[in-house]
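Enquirer: Input: one structure, supplied below.
The numbers here are math on the coordinates, done by the rules we state, and not lab data. Keep in mind that what you see is a predicted model, and the values were worked out from it rather than measured. Backbone-built Cβ (ideal geometry, glycine too); neighbour counts: all protein chains shown.
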Amino acid sequence: MGAYVPRRVLSICIVAVCAVLMMPIVIVLILAFGDQSYMRFPPSAYSLRWFALFFGDPRWQHALWVSLLIATVACVIATVFGFFAAYAFVRSDMRGKKLMLSFMLLPIIIPNVITAIAMYFMAAPLKLVGNVFWIGLCHATIALPIVLLILLSSLQGVDVNLERAALSLGSSRIGVFTRVIVPLAFPGILSAAMFAFLASFDELVISLFLAGVRSETLPVRIWNSLHLQIEPVIAAVSAFLIALTGLVLLLDALARFVRVTRLSRRTA
Amino acid sequence: MRPSRFNDGTTLIVPAVLLLALVFVVPLIWFFVRTLAGIGTFPEILSHVWSVVTSKAVITAMRTTNWISLIVTLLVLLISYPVAYYLANNRGWRFTLVLFCIIVPYFTSIIVRTYSWMVLLGRNGLVNQVLMQLGLIHQPLTMLYTEVGVLIGMVYVLLPYMVLTLFAAMKAIDPSLMRAAQGLGAGPLYAFARVYFPLSIHGVVSGSLIVFILSIGFFITPALMGGPSDVMIAMLIERSVEITFDFSSAAIMSLLLLFVTLVLYSIYYRLTDVRRMMGA
Amino acid sequence: MTTLEPGKDRGGIELRQLTKRYGKETVVDGISTTIAAGEFFSMLGPSGSGKTTTLMMIAGFADIDGGQILVDGADIADMPPQRRGFGMVFQNYAIFPHLSVTDNVAFPLRARRLPSDEIGRRVREALELVRLERFADRYSRQLSGGQQQRVAIARAIVFQPSIVLMDEPLGALDKNLRFQMQVEIKEIQRRLGMTVIYVTHDQEEAMNMSDRIAIMNHGRIEQVGRPAEIYENPTSNFIARFLGEANLVPGIVESVDSDVATLQTNGGLVLRARAGADLRVGSAAHLFVRPERIDIAPAGEMMTNPDSGNFATGRLIQTSFLGNILRHAVEIEPAVVVTVDVKNSRADLFRAVNQAATVSWLAADGVILQR
């Protein structure tokens, strides 16, 4: 394959594109470990001072903490609600499934500026601006489509006869979930939860409007800092976010590997 | 087998629906209804809508938005096509490596991605340094805070969407078709132009739609990397809330943006649905 | 195995006018039958006959649109599947892939919160019953199809259900294994004495294992009876052909005299046989007779039993070698071909094609069926 375009040319293009794709991320990582207070590339010395600044500065610390809280709320709510919704899609007989699915995907269809403003508009009079739980809830609506898409595929892979067998053997409906469905769908649930967490952690636009003064998330803090000046500590914070992304991708790959080996010979 | 009344999972969808309704739908409806109704009587609303929509700022912003989105979509398409082709026709470590290079940026926060390009494109940034070292330029280029910067930033962010969409479409192309074409005497370029590319058109169109739809709603990247004349509609909307507190204008512009988005999405939906029905 | 036996005389099921509709289509059309406690009852029929749907209604996995299901006299329509206490075996085994064989078999006992030593004992007995004691710690991906099915059976009987439902459990296995499993399943049922409702489309399987068979077609029960009964006395062409090779000679009913009737074929041949139900003189009918009940000899040779009753002469048009039998096709009239099965015991019975041949059979071996 690939004989339709000179192979060499194609390979060169691909290498170039991949280099350009990874370059910004790699540059940020390198800069984060650089030792100067101005942005010079390549750095003439390396150190961890920007990380020290990041983790030592109370405002950055607070932003990190807020991001963690919000992401946890978003992750839990999106995963649990999304799991049940995915199950309903896959197993139940409800009418208008396609319409319902489109409805659930609205948060990623509607431009997030509009969503963010509308959420702010309603939250402000209700004094919910800066409320960590409320922001987490708003993030959950953005994370829900992601969870749904992952779990729809995951639950479709669970044989319905396994549920019937469990019921026929006397298990309660809850027991079917806890002893059959969740264990079998677990790698998918884990993936969904991680990507929901990541989506919330990385989210900027909604947080921008809803954070207020007291609940700056990490991305919001970066945005605010960028408007003032481009300090190197931002590189360290960005490196942290990149590492988080890498961790999630790694764990997801692992979860997928576990799923494959566990169910390598599925019932016919 | 349909479920019995003992097995109906329908109620399980309720929590998600409630969440979306309460936290997502209600604020949107409330926002539009409240701001527009607050303008006054119906004729007053209409005239205000008209004045906003035809205002110089909005018209310029829409023009800029469409222009930038179009260029971005074309650039993304040009770069993504060979990458997706490579992914669809390779396996093993090559596939994984290229996929890795797509996926990692895709899941990296947009603020990090935009920031990284700000660093690279600055007057003392890496790009300028390299270009000067290579002797290609003698003075640092101004890329940041210009349209070029916006284009580069947006292309970078939107590339994975097109690659993955194209990849999915290309994966579905039956390899034996190309072999058949060559067996019939077609040269590689001819076979590509007459067989492969047409088969991938569906992916090209849906990928382009997605990228275009996403780019018209962009405001982070153009706000950070654009100059004063690079104002996209989403930026205008954000400014009218953050700076001028003009919610009614924000609502009107949002409706405009939303309308265009939904129209394009319904085209996209129709396209992918029809193909699915045809079993492609 | 006393701990695995269900309660005495429990496990009788009655279906009354049971109906199921999917939209406008009636998939199960008011079927009624009674299944005795301890009986091995098969529902046999082609795909789409409604047999699996019926089983699903009994199990509680499909809603009932009409009629009742009574177990030991009690209507179970309002009982959810997890309280009905039926054992169930599926065609694709439905072994929990994330649990070991032991945990699979222990599942229903744990759901009933039995003490763990009791669970251990019963699981061991069940695994011994299906001869899988050595595989107790394996997982489904390490087992063959036949082994997985045995795990499914052990799991379905370990909690002493009085009724076990089986939905084409052997469909995915190869022929030899299937026969062996049929024998094993029948043996287990006999030993433990539970009622088994068995759904299959394989007529040999049903006849081999069942006490009684219900033939289903288009959502209705066409005939219920013991295997030999239905085999020898089918009440319709469909049933005759479904259970094995069948000769169906067309003609007009000439006479009916209590339980004996005569049929005149289109070529004028008069044949005698038992009378099927509702036979009317002058109506179109078929004479049904099994190929193995027919004798064949070259025309002119002495028939082995001259008082047989029915004779017909024709042309041998084909002989097929099927291993243990020779299948001859004899055209006795234009477009009327009689199939004769002869044991492959002597080579000289292999006859030349196009020879004239005479076929004969006892009148009592045939049934005249209303068309």
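Enquirer: Would you work out which of C:Leu271, C:Phe179, C:Val336 lies farthest towards the positive end of the dipole of chain C? Charges go on Cβ: Lys and Arg +1, Asp and Glu -1.
Expert: The one lying farthest along the dipole's positive direction is C:Phe179.
Enquirer: If amide hydrogens are placed 1.01 Å from N in the peptide plane, which non-local residues have theirs closer than 5 Å to the one on C:Gly366?
Expert: Under 5 Å from the amide H of C:Gly366: C:Arg274.
Enquirer: From the square roots a ≥ b ≥ c of the eigenvalues of the alpha-carbon gyration tensor of the stretch A:18-68, which class results: rounded (a/c under 1.5), prolate (a/b over b/c), or oblate?
Expert: Note, shape of the stretch A:18-68 comes out oblate.
Enquirer: Kirkwood Rh over alpha-carbon pairs of the stretch C:2-237, then Stokes-Einstein at 10 °C and 1.306 mPa s: what D in µm² s⁻¹, rounded to an integer?
Expert: In µm²/s, the coefficient rounds to 88.
Enquirer: Put +1 on the Cβ of every Lys and Arg and -1 on every Asp and Glu Cβ in the stretch A:16-156; which of A:Phe89, A:Val129, A:Ala140 then has its Cα farthest towards the positive end of the dipole?
Expert: It is A:Phe89, whose Cα lies furthest towards the positive end.
Enquirer: Regarding chain A, what are the three Cα extents along the principal axes, ordered largest first, in Å?
Expert: Result, largest extent first: 69, 63, 33 Å.
Enquirer: From other protein chains only, count the Cβ atoms within 10 Å of every residue's Cβ in A:170-177, then give the mean.
Expert: Going residue by residue through A:170-177 and averaging, the value is 5.
Enquirer: For the stretch B:244-255, in order, what is each residue's ³J(HN,Hα) by Karplus, 6.51 cos²θ - 1.76 cosθ + 1.60 with θ = phi - 60°, in whole Hz (x at glycine and Pro)?
Expert: Karplus values, whole Hz, x for Gly and Pro: 9, 6, 9, 5, 5, 5, 4, 5, 5, 5, 4, 4.
Enquirer: Evaluate the distance, in nm, between pseudo-label points positioned 7 Å from the Cα of C:Asn354 and of B:Ala168 along their respective Cα→Cβ axes.
Expert: Reported label-point gap for C:Asn354 and B:Ala168 is 6.6 nm.
Enquirer: For A:Lys97, list the aspartates and glutamates whose Cα falls under 16 Å from its own Cα; do not include residues on the same chain fewer than 8 positions away.
Expert: Excluding near neighbours in sequence, the set is B:Asp8, B:Asp273.
Enquirer: Now for a different question. Return the sequence-ordered ³J(HN,Hα) values of the stretch A:239-247 in whole Hz as given by the Karplus equation 6.51 cos²θ - 1.76 cosθ + 1.60 applied to θ = phi - 60°, using x for Gly and Pro.
Expert: So the Karplus estimates, Gly and Pro as x, are 4, 4, 5, 4, 4, 4, 4, x, 4 Hz.
Enquirer: Also, quick follow-up: Rounded if a/c is under 1.5, else prolate if a/b is larger than b/c, else oblate: which is the stretch B:93-133, with a ≥ b ≥ c the root eigenvalues of its Cα gyration tensor?
Expert: Verdict is oblate for the stretch B:93-133.
Enquirer: Would you mind giving the average projected area, over all directions, of the Cα convex hull of the stretch C:245-370 in nm² with one decimal?
Expert: Convex hull of Cα atoms, orientation-averaged projection: 7.4 nm².
Enquirer: Suppose R0 equals 30 Å. What FRET efficiency, 1/(1 + (r/R0)^6) with r the Cβ-Cβ distance, do B:Phe100 and A:Leu68 give to the nearest 0.05?
Expert: Computed FRET efficiency for B:Phe100 and A:Leu68: 0.65.
Enquirer: Now, a different point. If you average the sequence gap of Cα pairs under 8 Å that are 6 or more apart and divide by the length of chain B, what percent do you get for the contact order?
Expert: Result for chain B is 24 percent.
Enquirer: Let me ask something else about it. How large is the translational diffusion coefficient of the protein assembly as shown in µm² per second when you combine the Kirkwood radius over alpha carbon pairs with Stokes-Einstein at 37 °C and 0.692 mPa s?
Expert: Reported coefficient: 97 µm²/s.
Enquirer: Continuing with the same structure: Taking the Cα-to-Cβ direction at C:Gln160 and at C:Asp78 and moving 7 Å from each Cα, how far apart do the two end points lie in nm?
Expert: 2.8
Enquirer: Determine, from the Cβ-Cβ distance of A:Ser153 and B:Leu262 and an R0 of 25 Å, the FRET efficiency 1/(1 + (r/R0)^6), rounded to the nearest 0.05.
Expert: Once the sixth-power term is evaluated, E becomes 0.45.
Enquirer: Which of B:Ile210, A:Ile242 comes first, and how do the rest follow, when ranked by fewest Cβ neighbours within 10 Å?
Expert: So the ranking, lowest neighbour count to highest, is B:Ile210, A:Ile242.
Enquirer: Here is a follow-up. Apply the Karplus curve 6.51 cos²θ - 1.76 cosθ + 1.60, θ = phi - 60°, to the phi angles in the stretch B:205-212 and return the couplings in whole Hz, x for Gly and Pro.
Expert: After applying 6.51 cos²θ - 1.76 cosθ + 1.60, I find 5, 5, x, 5, 4, 4, 4, 4 Hz.
Enquirer: How high is the relative contact order of the stretch C:245-370, in percent, counting Cα pairs under 8 Å that sit 6 or more residues apart?
Expert: 33
Enquirer: Based on the alpha-carbon gyration tensor of chain B and its eigenvalue square roots a ≥ b ≥ c, which shape applies: rounded if a/c is under 1.5, prolate if not and a/b is larger than b/c, or oblate?
Expert: It is oblate, given that a/c is not under 1.5 and a/b is not larger than b/c.
Enquirer: Straight-line reach from B:Lys56: which aspartates and glutamates fall under 19 Å, measuring Cα to Cα and dropping same-chain residues less than 8 apart?
Expert: B:Asp230, B:Glu238, B:Asp246
Enquirer: C:Asn310's amide H: which non-local residues (gap 5+, or another chain) put their own amide H closer than 5 Å, with H modeled 1.01 Å from N in plane and none for Pro or chain starts?
Expert: C:Trp361, C:Ala363
Enquirer: What does the structure give for A:118-129 when I average, per residue, the other chain Cβ atoms found within 10 Å of the residue Cβ?
Expert: Per residue, the number of nearby Cβ atoms from other chains is 4 on average.
Enquirer: Where does each of B:Lys171, C:Lys186 land when they are ranked from fewest to most other beta-carbon atoms within 10 angstrom?
Expert: Arranged by neighbour count, lowest to highest, B:Lys171, C:Lys186 become B:Lys171, C:Lys186.
Enquirer: Please state the charge dipole magnitude for the stretch B:167-247, taken about the Cα centre, from unit charges on C-beta atoms (+1 on K and R, -1 on D and E), reported in debye and rounded to the nearest 20.
Expert: Once rounded to the nearest 20, the dipole reads 560 debye.
Enquirer: Moving on to the next point. Can you figure out the FRET efficiency of A:Arg8 with B:Ile201, using R₀ = 35 Å and their beta-carbon distance, to the nearest 0.05?
Expert: Once rounded, the FRET efficiency stands at 0.85.
Enquirer: Sequence gap at least 6, Cα distance under 8 Å: using those rules, report the relative contact order of the stretch C:2-237 to the nearest whole percent.
Expert: Taking the mean separation of contacting Cα pairs over the length of the stretch C:2-237, I get 30 percent.
Enquirer: If I model a spin label at C:Ile317 and A:Asp57 as a point 7 Å from the Cα along the Cα→Cβ vector, what separation in nanometres do I get?
Expert: The modelled label-to-label distance comes out at 9.6 nm.
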